[in-house]
Amino acid sequence: MSRRRRIYEGKAKVLFEGPEPGTLVQYFKDDATAFNNQKKGVITGKGVLNNRISEYLMTRLGEIGVPTHFVRRLNMREQLIREVEIIPIEVVVRNVAAGSLSKRFGIPEGTALPRSIVEYYYKSEELGNPMVSEEHITAFGWAAPQDLDDMVALSLRVNDYLSGLFLGIGLRLVDFKLEFGRLWENEEMRIVLADEISPDNCRLWDIKTNEKLDKDRFRQDLGKVEEAYQEVARRLGILPEGGPVDVKAPKTIQ
Ligand SMILES: Nc1ncnc2c1ncn2[C@@H]1O[C@H](COP(=O)(O)OP(=O)(O)O)[C@@H](O)[C@H]1O
Ligand SMILES: [Mg+2]
């Protein structure tokens, strides 16, 4: 495994050259960062769980026709993905006020939003991932208007689908961040969902207790961080009692 060429090492994952051209191996680390790298830590087992959770969610999304980079999981910490040209925009979809939206506009955390709100952030660590508008994105050439239209349409489909999926296991999808990339097949270019979908980039609250089951437990030092990631995997039915063996169907909570 260490013989493979390392393409990129980020905060949460490492990308290696894949077995065939146009593929990459995405390795999930236990490292966690928050507040633009100011807070660093390790969440033991996070990489294994996020690999599984992202596999599960990307597979379900693929089944409803959302194109994704996911090919297959290779082992506990690695998955094979299609290499894409990452669009340097993070798309955030919000259903309930939390995090920076609550802070910026003084809206108490937990306030239901009148409708889902889509925000864009420019992927630049040096600049601290600033929030940008459609105007900035198209004027600076980060994405074409058509790319952006596709990204928003896909993000809203992801929101509808995942909101329902999580509701079925007693979790509220408060908000989440997506990354997209360009994938060329022959002469055709398609926008596909890339990166990962996991409790690292989704806010998930228990429907009944409002308990946070996501990276906010790490950000806000709430404790039981590992347990939260495990609980999400358990409710999705991908954390069997005897260790991670088979993928089972999600467990519905009444
Ligand atoms: N299919 C893909 N092809 C190429 N790059 C990807 C793909 N999916 C995700 N990436 C990129 O790989 C990196 C994943 O590692 P991560 O630790 O999340 O990095 P970062 O610290 O930049 O967020 C991200 O920069 C992400 O944009
Ligand atoms: Mg990342």
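No lab work stands behind these numbers, since they all come straight from the coordinates. Because the structure is predicted, anything quoted here is derived from the model rather than measured. In this analysis, Cβ positions are derived from the backbone assuming ideal geometry, glycine residues included, and neighbour counts consider all displayed protein chains.
In nm, give the distance between the simple-model label positions of Glu135 and Arg182, each being 7 Å from the Cα along the Cα-to-Cβ direction.
In this crude spin-label approximation the distance works out to 2.5 nm.
Among Leu156, Ile87, Leu213, whose Cα projects farthest towards the positive end of the dipole of the chain, with charges put on the beta-carbon of Lys, Arg (+1) and Asp, Glu (-1)?
Towards the positive end, the residue furthest out is Leu213.
Can you compute the charge dipole magnitude of the chain about its Cα centre, using +1 on each Lys and Arg Cβ and -1 on each Asp and Glu Cβ, nothing else charged? Give it in debye, rounded to the nearest 20.
So the dipole magnitude of the chain works out to roughly 880 debye.
Expressed in nm to one decimal, what extension gain is obtained for the pair Glu85 and Phe105 from 0.36 nm per residue of sequence separation less their Cα-Cα distance?
Additional length available on full extension: 3.8 nm.
Of the chymotrypsin sites (Phe, Trp or Tyr not before Pro) in the stretch 1-93, which ones lie in a loop per DSSP and count no more than 10 other C-beta atoms within 10 Å?
Those satisfying the criteria are Phe35.
Name the helices (complete DSSP H segments) of the chain with a Cα length along the long axis of 24 Å or more and a Kyte-Doolittle mean of at least -1.0, or state none.
46-63, 145-167
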